[in-house]
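Written out below as structure tokens is the structure these notes cover.
The values are calculated or read from the model by the stated rules, or taken from the named source; none is laboratory data. Here the structure is a predicted model, which means the values were calculated and not measured. We place every Cβ from the backbone using ideal geometry, glycine too, and count neighbours over all the protein chains shown.
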Amino acid sequence: MSPEYPFDEAATARAVIDDAGTVTQWNEGARRLLGWTADEVVGRPAARLLAGPAPEVSGPSCHGTVTLRHRDGRTVAVWLLAHHRPPADGGPADWLVVTPLEPAPRSPDDPLNAASLVQSPCAIAVYDEHLRLHTLNDAMARVIGVPPERVQGLRISELGGKPQNEELERHLLQVLGTGQAQDVQTYLRSGGEDRAHAWLARMAPVTDTEGRVRGVCLAAHDITENHRARQRLHLVNEASVRIGSTLDVTRTAQELADVCVPVLADFVSVDLLEPPETGAPPSAGISAPVSLRRVAHQSVNPGCPEAMVSPGDVEAHPAASPQADSLLAGRTIVASLGDGTLERWLERDAVRRERYRQYGFHSTLSVPIRARGTTLGVAVLSRSRRPEPFSADDILLAEEITARAAVCVDNARRYSRERETALALQRSLLPRTLPRTAALEASSRYLPAARAGVGGDWFDVIPLSGMRVAMVVGDVVGHGIPASATMGRLRTAVRTLADIDLAPDELLTHLDDLVVRLSEESGGEGSPGEVGATCLYAVYDPVSRRCTLARAGHPAPIVVPPGEAPRELDVPAGPPLGLGGLPFEATELYLHEGTVLSFFTNGLVDTPGRDEGAGRRRLLDALAAGAAAKAPGSADPGSLDETCDRILHSVLPPGGSSDDVALLVARTHGLPASQVATWDIPADPALVAPIRKQVLEQLSTWGLTEASFTTELVVSELVTNAIRYGAHPIRLRLIHDADTLICEVSDTSHTAPHLRRAKTWDEGGRGLLLVAQLTQRWGSRHTPEGKTIWAELALFEEE
């Protein structure tokens, strides 16, 4: 023995027997007790040592008197204490069997005798300088669960045989060696109990009159209730942090199940009521059988094999089931095998009864999920591995956690419902399909924000007169239904302003005035900026192949000319809409046929936490990769769709954008010169007839003789009207498309004609009415030089 290892191995008879009944260890104390050496016993059946019947073994620990056979042939009645030890370090399970040998006599003035408090309510044990049990009081004897006169002389690791006992022995050794007291908390089952307790072990050195350490006094305090109270408080705090991390119903329900397993239950299921299509609360009209949709579950067993349904499946629960009873009663329902309530439910469901028997479920706790006076569903907590049923504290804890989760589930449902409403509004206000025009082909994408919800991004393609087409992309500040509603108003305003053929910079000026008025209406005090937006408006003419653009605080578009690298267009930024009083500037440029234009909102390229120019560089790379995907003139209608998908996949982060995204990609087409005819009109009305003749010849060249009569009337009326009321020079232009013939008459007067109904005695005033009746549509637009009156005739092929 030494101060580092004071144990006397011969003071205890100790043997280890495996589950097959073979002796695997045999110490010196066992040899002293029965005379057999280790070589004679180890590896042989332990039953050979018995001189009487084998003892009955029940539970992980047992004790009793057994008659054993001594080596010299006599029998010895020995009291034994046996512990079943779990496998350690990958080895097999075994039994530790010990009995103390006769301790050496103590003198009456031994300080260890004075250290014991036999009648103290606190469990006290005193260990000698070899860390063998010297004295214990009645309270400690009840904790150990064995007669006190039988265990004197045993080490604490031999008293319990558990890893916790070995840890306590290490602390006793430290106290014996250092003379410093220690406090240790541990969690183990006391003798004869099925449920573990939390203990505070206070260890202090026992000294003699000269101050020498002669042993250690151990006082054990049962702190189970305090320990469980701290556990409950910790679980509630953990639930408040972990549950509701997102506004997603499924994720929130899963977080509720994850928090409760395994601390509170061995299996947890979360089922929610299906919301009625009428929009009423989910709890309206609950009646048995109750249909519930499994949203989440969790188990101590990987993969949740005990689950009867999978997430997303709907199951009907009869009136006798804990789920239905809990929802109908509006309170927590406890069902267990002990009181027969669980059996009555399982009698009606053989499959579920077999599943419960297979996994050993013995108690369930059904807690309604209620928030703001509405029942949303039910959480069912079940125990199988934990032998104890749900206590009153468990019920209160489950109700507290479920109440917190219910508010989060309700918030997630409300958010989801509002988001779906805003998204439906947003999509209803956006164009379902883009118009097919001769000027360009286009493709678009809209993605709501991954977290912030639907915003006010929009795009549009608007056919204009003269085969021209307008492209617009805008972004309203904010998210939700207000932003979507404002977006709808602005999109309608843009289409209205585009219909009167305003130039891009003029259109943005009018749109800016509208946003200012909307801001005044929403702000109450007329403060600017309450409603804000950005916008980019472009008009492309396939005849001249020129594109005019203007933007109001919006990201500049990207252009990809045929065979060239993508680049950002240099368009004056202009102020955002809603500031008021600031001018906008337009830019005009020539576009080769097959040029790709990309318009987008800042949600595509601006991501918080990422390099400011990283998104734009990724966009340029994505466009460069697809620049050769479609050659000019080839018929590949899906190529622009592929370009949009490639851009979104390459530019956006994996989790989606923090802002909503609108993307519009267009490829320009040019109208061949052979499909356009232009004439300068003389000032003499008598010379209109030759012009009509030239028009008819051109129609014949185009193969449109079936439209000659109508076209001649329209040309005659528009030209005559320009000669009579307009200013020279006057020009006539015909534009021929596959299904449309456009007639345009331009002059330098800024006075626009108005359609009116002529009175009976009026000599004129019927010309424009005639034009309106003969054409598909007509109108006028102002130009820098004056105005243009135009009319479109629908062409139909002969059957």
Would you pick out the residues in the range 649-681 that are touching a residue at least 24 places away in the same chain (Cβ under 8 Å) and part of a loop (DSSP other than H, G, I, E, B)? Leu652, Pro653, Gly655, Gly656, Ser657, Ser658, Asp659, Asp660, His669, Gly670, Leu671
Would you check if there is a residue in the range 36-45 being surrounded by 15 or more Cβ atoms within 10 Å (Cβ to Cβ) and within 23 Å of Val151 (Cβ to Cβ)? no
Checklist (1) touching a residue at least 40 places away in the same chain (Cβ under 8 Å); (2) not in a helix (DSSP H, G or I); (3) not hydroxyl-bearing (Ser, Thr, Tyr) applied to Pro53, failing item: (1)
Restricting attention to the range 320-346, which residues are part of a loop (DSSP other than H, G, I, E, B) and at pLDDT 85 or above? Ser321, Gly330, Arg331, Thr332, Leu337
For the range 713-733, indicate whether the set of residues that are surrounded by fewer than 15 Cβ atoms within 10 Å (Cβ to Cβ), in a loop (DSSP other than H, G, I, E, B) and touching a residue at least 60 places away in the same chain (Cβ under 8 Å) is non-empty. no
Among the numbered conditions (1) surrounded by 22 or more Cβ atoms within 10 Å (Cβ to Cβ); (2) assigned to a strand (DSSP E or B), tell me where Glu441 comes up short. (1)
Of all residues in the range 234-262 being farther than 14 Å from Arg413 by Cβ and of a type in the set (D, E, K, R), which is surrounded by the most Cβ atoms within 10 Å (Cβ to Cβ)? Glu255
Are any of the residues in the range 497-512 small (Gly, Ala, Ser), under 20 Å from Ala442 (Cβ atoms), outside any strand (DSSP E or B) and out of contact with any Asp or Glu (no Cβ under 7 Å at 6 or more places or on another chain)? yes
So, of the residues in the range 645-664 that are within 16 Å of Arg617 (Cα to Cα) and surrounded by fewer than 22 Cβ atoms within 10 Å (Cβ to Cβ), which turns out to be nearest to the chain's Cα centre (by Cα)? Pro653
For the range 63-89, pairs from a residue that is more than 18 Å from Val41 (Cα to Cα) to a residue that is of a type in the set (D, E, K, R) and surrounded by 14 or more Cβ atoms within 10 Å (Cβ to Cβ), with Cβ under 8 Å and 6 or more apart or across chains, are His63/Arg150; Trp79/Arg150; Leu81/Arg150; Leu81/Glu158; His83/Lys162; His84/Asp94; Arg85/Asp94; Arg85/Lys162
With the structure loaded, tell me whether Glu225 is surrounded by fewer than 19 Cβ atoms within 10 Å (Cβ to Cβ) and within 40 Å of the chain's Cα centre (by Cα) or whether it fails that test. yes
Looking at (1) modelled with pLDDT under 85; (2) over 17 Å from Glu9 (Cα atoms); (3) not aromatic (Phe, Trp, Tyr), can you tell me which one Thr178 breaks? (1)
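With respect to Val472, determine if the residue is within 30 Å of Ser780 (Cβ to Cβ), buried (at least 23 other Cβ atoms within 10 Å of the Cβ) and over 27 Å from the mean Cα position of the chain (by Cα). Give the derivation first.
Details: within 30 Å of Ser780 (Cβ to Cβ): yes; buried (at least 23 other Cβ atoms within 10 Å of the Cβ): yes; over 27 Å from the mean Cα position of the chain (by Cα): yes.
It is true that Val472 is within 30 Å of Ser780 (Cβ to Cβ), buried (at least 23 other Cβ atoms within 10 Å of the Cβ) and over 27 Å from the mean Cα position of the chain (by Cα).
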